[in-house]
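Visitor: Here it is: the structure, laid out below.
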Amino acid sequence: MLGQAFSITLPILISGLFFIASMKYGWFTSLHKPIDFGQRIGKTEIFGPNKNWRGALFYILGGTLITYLLHLLQPSQNWVAPVFSNEPLLLGLSSCSAYVLGELINSFVKRRIGITPGSQGKLLQKFIDNTDGALATGFVYLFAFNVSLDLLLAAFVISLVVHASTDVLMRRLKLKSK
């Protein structure tokens, strides 16, 4: 079950690593434009500058590509979760778009309560900041694709470790401050 739980995290993990590389090496900088186009509600940005088209496209398109590859592996590899036997384009687009949507909702809320872009706020907000995309993706897996709750909980714990690890990587690469 641990391998299957890990496989559920791979579309976001691998696309996220490529997104980090794109920031480090300056790939696709023309897409580094805010999703909210700099628009504001009152004096506050809608999402902030860190929610950009480059990230959204890496996560949605890259994650969908990884989903497709897992779909091809699933029949012969028991470590790949059964959810990947579903139609890969639908699975990938819906789950990876949910990840981005979870990030955007959290960013929107953070702007409304006065947390500046790039910072996390207090303990509850830090937890939400580290789990927003995983929770949104989990809802899609649970309600649209009937993935078992125990498998999703294991994937959720793995995603917490992965998120913390990628934060460390981004700090070491000086792509993110504390």
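Rule-based calculations on the coordinates, nothing more; no lab input. Bear in mind the structure is a predicted one, so any value in this text is a computation, not a measurement. Using ideal geometry, Cβ is built from the backbone for each residue, glycine included, and neighbour counts are taken over all protein chains shown.
Visitor: What number comes out for the charge environment of I41, summing +1 per Lys or Arg and -1 per Asp or Glu over other residues with Cβ under 11 Å away?
Guide: Result for the local shell: +2.
Visitor: Test of understanding: ordering I158, I105 by Cβ neighbours within 10 Å, fewest first, what list do you get? It would help to have the intermediate numbers written out before the result.
Guide: Numbers: I158 19, I105 16.
Ascending Cβ contact count within 10 Å gives the list I105, I158.
Visitor: Short version: ³J(HN,Hα) in whole Hz for each residue of segment 41-53, in order, from phi by Karplus 6.51 cos²θ - 1.76 cosθ + 1.60 (θ = phi - 60°), x for Gly and Pro, what are they?
Guide: Computed from phi, the couplings for segment 41-53 are 10, x, 9, 10, 4, 5, 10, x, x, 7, 9, 10, 5 Hz.
Visitor: From the backbone phi of segment 100-105, what are the Karplus-calculated ³J(HN,Hα) couplings (6.51 cos²θ - 1.76 cosθ + 1.60, θ = phi - 60°) in whole Hz, Gly and Pro given as x?
Guide: 3J(HN,Hα) across segment 100-105, in whole Hz: 5, 4, x, 4, 5, 4.
Visitor: While we're looking at this one, here's another question. So how far, in whole Å, is the C-alpha centre of segment 56-91 from the one of segment 135-178?
Guide: For segment 56-91 versus segment 135-178, the Cα centre distance is 16 Å.
Visitor: So, one more: Counting other C-beta atoms within 10 Å, which of V140, V161, V83, V109 has the fewest, and how do the rest follow?
Guide: On the way: V140 19, V161 10, V83 23, V109 14.
The order, fewest Cβ neighbours first, is V161, V109, V140, V83.
Visitor: Counting only residues 5 or more places away or on other chains, whose amide H sits under 5 Å from the amide H of K33 once H atoms are built in the peptide plane?
Guide: W53, R54
Visitor: From the backbone phi of segment 148-160, what are the Karplus-calculated ³J(HN,Hα) couplings (6.51 cos²θ - 1.76 cosθ + 1.60, θ = phi - 60°) in whole Hz, Gly and Pro given as x?
Guide: 5, 5, 5, 5, 5, 5, 5, 5, 5, 4, 4, 5, 5
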